[in-house]
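One structure is given below, encoded as structure tokens.
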Amino acid sequence: MAASARDRILLNLGLDALVAALALPAAVWLAVPGSWPPGLWWLGAVPGAVAALLLAGLPLRLPQQYWRFASLPELLASSGAATGGAVLFWMGLYLIDAWHPRNIGFPVIHALVLAALLAAPRIAARLQHAGRAGPLSETPAQPALLVGAGEGADLFIRALAQERSPAYRVVGILSQRARQLGRRIHGLPILGTAEDTASVLDAMREDGRLPAQIILATPNLQGAALQRLLDAADRHGVPVKRAPRLTALGPASRRPGERAEPEQRVRLRPVEIEDLLDRPQVPLDREGMARLVQGKRVLVTGAGGTIGGELARQVAALGPASLTLLDHGEYVLYEIDLELRERHPAVPRRAVLADVRDAERIGRLFAEIRPELVFHAAALKHVPMVENDPMEGLLTNAAGTRVVADAARAAGCSLMVFISTDKAVNPTSVMGASKRLAEMYCQALDRMARASGAGMRLVTVRFGNVLGSTGSVVPLFRRQLERGGPLTVTHPDMRRYFMTVREAVGLVLQASVVGATDRADQPKELREGGIFVLDMGEPVKIVDLARRMIRLAGLRPEEDVEIRFTGLRPGEKLFEELFHGQEPPQPTNFAGLLVAVPRTTDAGEMGRAIDEIAALAGRGDGAAALARLSALVPEFAHEDGTGGG
């Protein structure tokens, strides 16, 4: 390999020397067409011109250039070497008082000729090897309309040009800015903006040039704007996909000289349902989050779940003194531990297999670790599963939360954050009612700590569904789509709140910062047992979500994939609520955060009530446990009063 590289460099030196030798007589002829130097002058001038160019090219690494990958930086370097070589040669002629053209512009002419002759073989080599990557294919390239007129579009078009048989042929571009209309990128016209998708497609259909694919080359098109584009494309039956990420298209994705294998061809990505969630970016107090977490001993329960795992990721990025990951599931705990080991190897970390219902085990663990900050995300969250085994839901969600909160207080923890759910509002399921019971206990403990001015603070954060969470509808729809359908929806009018898991956890951390201490900007409702509620935006109809996912897969709802309504399951509601009538939402000074003040009770009384319910559940007396739960949560309208456990 070393010998081959050396030979390549020597060949480049030889070719550049030949260019210098040819450029000199051409420059002389152009500078002084009617005057020609004596024959002996050439014996010294040609070697001098060669030496001047090679000397000027050394600092710019001219011999090391890889011609087939020549781009603007390489061409600028060769132009710089040409300029330097021409100046050195001109200075040499004056120093030795040799014959020189009587034209003050000769150095400029010499430099231009040298630059042109140096650039020509490099450009030729680049063009010769363009379009040679990848396998040959007899399938003609599909016409495609590209959305985005920035760096992503440039790299995507270049990547297609480097393929031997590209799968797509860009026929036009849609920009996101009207001021770019009428211009061209790589010779391709900008036909309109993304808002003009419908009219552009109409015109292309009339001309018989309807594209077979719309490709998004920008990550900035999301939410309602993306939905409008998808609707316009759907009316014409044109699928929409995303271009590969920039890192997969750029020159860094392949080493110089490495040929593209078949699997390196440009591969489009599906548009994700998360891209359609039209939610503005909420500014977060990152500095406050860093102060909350940095240098602290942090413990996350349910660390293998969707919310717990994202909490662990974001906490690890903030530099805690140590991070303890607690979960009851072996494999999910292994996965998040492995991920954090790779992403944040410098963070001291411990993975603990434990059940939050085991008071003795949790108490010993907390006494040993002495966490300063606890995020309690462990819970049984799947409504129908908890309806099948309601006593397990009560033991984990209510009794387990009490176990964690009591152990954290005893260990001297300064702040515990409890992750609740919108299903705790006017609950119709045991899962929702058990979380409401846990909310009430955490509220009572926090009120007690705030009243005394000492003790552990408890921040409760309530929110709805997160896209892609384990057991949620989005992964279910994806699995059903992979099998060809049908997509099952319980009811045509069912609606749910949705946000991305990253956004939800970011707001949980924001709420933790606000609720951790008595701040001047803290909502006064928190002193009364207030609960943070994330602003979830507008609810989404599940059947609309199903239709969108079918279209994103390039299929047609009801024609290619059936949507089947199965009926409400036990404990399910058509509409989830973030507040009930007696706790109207109160705004805060922080975007994305609201505060609810549901009724509270005494911490001692609530603790004894949870212990009583846990004892009944442990004995399998489901009817009595649910009756006690209904007395504590009077708004609990349980549809199945069997109480089987």
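Treating the Cα atoms of the stretch 2-129 as identical point scatterers in vacuum, please give the log10 of the normalised Debye intensity I(q)/I(0) at q = 0.23 Å⁻¹, two decimals.
-1.34
Take 491, 186, 376 and order them by how many other Cβ atoms sit within 10 Å, fewest up front.
Going from least to most buried by this count: 186, 491, 376.
Given a cut-off of under 8 Å on Cα pairs at least six residues apart, what relative contact order in percent is computed for the chain?
Answer for the chain is 10 percent.
Can you run phi through the Karplus equation (6.51, -1.76, 1.60; θ = phi - 60°) for the stretch 354-371 and list ³J(HN,Hα) in whole Hz, with x for Gly and Pro?
Ordered by residue, 3J(HN,Hα) equals 7, 10, 5, 7, 8, 4, 5, 5, 5, x, 5, 5, 5, 5, 6, 7, 6, x Hz.
Compute the longest continuous run of the chain that contains no exposed GluC sites (Glu not before Pro); treat a site as exposed when its DSSP state is not H, G, I, E or B and it has at most 14 other Cβ atoms within 10 Å.
With GluC sites (Glu not before Pro) excluded where exposed in loops, the chain gives 259-557 as its longest stretch.
Once Lys and Arg get +1 and Asp and Glu get -1 on their Cβ, which of 415, 13, 299 lies farthest toward the positive end of the dipole of the chain?
Checked the options; the winner is 13.
Among 453, 398, 432, which residue has its Cα furthest toward the positive end of the charge dipole of the chain, with +1 on Lys/Arg Cβ and -1 on Asp/Glu Cβ?
Of the candidates, 453 comes out farthest on the positive side.
Calculate the all-directions average of the projected area of the stretch 404-460's alpha-carbon convex hull, and give it in nm².
Computing the convex hull of the Cα atoms and averaging its projections yields 3.8 nm².
Once Rh is set to the Kirkwood radius over Cα pairs, what Stokes-Einstein translational diffusion coefficient, in µm²/s, holds for the chain at a temperature of 4 °C and a viscosity of 1.567 mPa s?
43 µm²/s
Which percent of Cα pairs goes in each bin when the distances of the stretch 264-408 are cut into 10 angstrom slices starting at zero?
11, 34, 31, 19, 5, 1
Mean residue ellipticity at 222 nm from the helices of the chain, using -39,500 (n - 2.57) per DSSP H segment of n ≥ 4 over the full residue count, to the nearest 500 deg cm²/dmol?
-14500 deg cm²/dmol
Beyond 25 Å, what share of the Cα-Cα pairs of the stretch 99-216 remains, rounded to the nearest whole percent?
44 percent
Taking the stretch 3-107, which trypsin sites (Lys or Arg not before Pro) meet the DSSP loop condition and have no more than 11 other C-beta atoms within 10 Å?
102
Calculate one ³J(HN,Hα) per residue across the stretch 110-127 by plugging θ = phi - 60° into the Karplus curve 6.51 cos²θ - 1.76 cosθ + 1.60, and present them in order as whole Hz with x for glycine and proline.
Result, rounded to whole Hz: 4, 5, 5, 5, 4, 4, 5, 6, 6, 6, 4, x, 5, 5, 4, 5, 5, 5.
Compute the helix-to-body angle for 151-161: its Cα long axis versus the longest principal axis of the chain, expressed 0 to 90° and rounded to tens.
Tilt relative to the chain: about 60 degrees.
Which pairs, out of 381/423; 296/423; 381/435, put more than 20 Å between their alpha-carbon atoms?
From 381/423; 296/423; 381/435, over 20 Å: 296/423.
Debye calculation, C-alpha points only, no solvent: report log10 I(q)/I(0) for the stretch 12-60 at q = 0.16, 0.22, 0.30 Å⁻¹, in the same order as the q values.
So the normalised log intensities work out to -0.47, -0.79, -1.13.
Only the coordinates and a few stated rules stand behind these numbers; no lab work does. Being a predicted model, the structure only gives us computed values, none of them experimental. Cβ sites come from the backbone with ideal geometry, for glycine too, and all protein chains shown count toward neighbours.
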